[in-house]
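The values are calculated or read from the model by the stated rules, or taken from the named source; none is laboratory data. This structure is a prediction, so every number in the text was calculated from the model and none was measured. Positions of Cβ are generated from backbone atoms using ideal geometry, with glycine treated the same way; all protein chains shown enter the neighbour counts.
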Amino acid sequence: MTHREDAAMTQRGEAAGAPAVRSHAAPAVRSQAAPAVRRVLAQASFEARAILRNGEQLLLSLILPVIVLFGLSLTGVLEAIGTPVDADSRIAVATAGVLGLALASTAFTGQAIATGFDRRYGVLRQLATTPLGTTGLLWGKLIAVVVVVAVQFAVIGTLAALLGFAAPVAFGALAATAVLGTAVMLTWGLLMAGTLRAEATLALANLVWVLMASVGGILFAHAGLWGAILAWTPFGALGNGMRAAVVAGSWDPFALLVMAAWTVLGVLLARRWFDFDGK
């Protein structure tokens, strides 16, 4: 059929009230995913806003640690439980413990609960099938937690300064402890969320938070055999690393090594047992 005959048939169809039929199909519109870095940053931005806007997560990650900071700094609780502090070191010890507690609240407890319910409702399964992928999803969570932890440290550090904090902080050691602490807490929080039911994750994550804050070595050091055992745990190592950096102004290589080892172990277990479907 020639172009003239095609045009004539089209005109006859339009004259008869029928829709015009073109012989050449319109070019298909091709969609293209955004670059990987942009996808990860977009997911990280969403995750960070979700944490900071969620009332329960904000209570757990910032309000409770701030209350603990004031309680330990302005009262004799540390002396009452046998922690060797004086008027000058009380605020530094309290600040180191609260920084570790705030980090664990966000990276472990908060992410375990949020990821557990995302998994239950199929959010993880849907995101895993998008161009973001499982790797992009995990990187987005990690970046979001780092951003929130930075906000926590800024707020807690400012309040500690207002309370009269005066200690030789080793900022390099503090940064290394914060990075490794975030990695190990997030790894094990996600492992819990990816292997247990959401309700079990909720209960266990909150129980672990209470244990970390009370007898787990994050808020204050423990002497004797119990303290030696805690030094080999991720939360005990986090507390020791924070106290070394904030109170003594030094590094704790053993604590950093323990957190790195637990992170590697958690990643290996997550690669084997993490279930995005939750079925």
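Below, the figures for the structure above:
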| item | result |
| --- | --- |
| Criterion violated by T187 - all others in (1) over 25 Å from L124 (Cα atoms); (2) part of a helix (DSSP H, G or I); (3) in contact (Cβ under 8 Å) with a residue 12 or more places away in the chain satisfied | (1) |
| From the options R90, R120, residue that is under 26 Å from G227 (Cβ atoms) and among the basic types (K, R) | R90 |
| Selection within region 183-228 - out of contact with any helix residue (DSSP H, G or I) (no Cβ under 9 Å at 6 or more places or on another chain), of a type in the set (A, V, I, L, M, F, W, C) and under 27 Å from I91 (Cα atoms) | L207, V210, A223, L225, W226, A228 |
| Number of positions in region 237-279 that are under 19 Å from the mean Cα position of the chain (by Cα), small (G, A, S) and surrounded by fewer than 24 Cβ atoms within 10 Å (Cβ to Cβ) | 4 |
| Residue match in region 243-262 (condition: assigned to a loop (DSSP other than H, G, I, E, B), under 30 Å from D118 (Cα atoms) and of a type in the set (D, E)) | no |
| Check on R49, modelled with pLDDT of 85 or more and surrounded by fewer than 15 Cβ atoms within 10 Å (Cβ to Cβ) | yes |
| Qualifying residues in region 105-136 (those that are hydrophobic (A, V, I, L, M, F, W, C), in contact with a Ser or Thr (Cβ under 9 Å, 6 or more places away or on another chain) and farther than 16 Å from T195 by Cα) - the one surrounded by the fewest Cβ atoms within 10 Å (Cβ to Cβ) | A128 |
| Single residue of region 184-195 satisfying the filter (over 14 Å from A114 (Cβ atoms) and buried (at least 19 other Cβ atoms within 10 Å of the Cβ)) that is farthest from the chain's Cα centre (by Cα) | L191 |
| Candidates A36, A25, A42 - the one that is of a type in the set (G, A, S), farther than 14 Å from V145 by Cβ and modelled with pLDDT of 80 or more | A42 |
| Enumeration of residues in region 193-224 that are part of a helix (DSSP H, G or I) and either within 24 Å of N240 (Cα to Cα) or in contact with a Pro (Cβ under 6 Å, 6 or more places away or on another chain) (or both) | L204, A205, N206, L207, V208, W209, V210, L211, M212, A213, S214, G224 |
| Residue count, region 161-181 (criterion: on the phi < 0 side of the Ramachandran plot, at pLDDT below 95 and either of a type outside the set (A, V, I, L, M) or crowded, with 22+ Cβ neighbours inside 10 Å (or both)) | 2 |
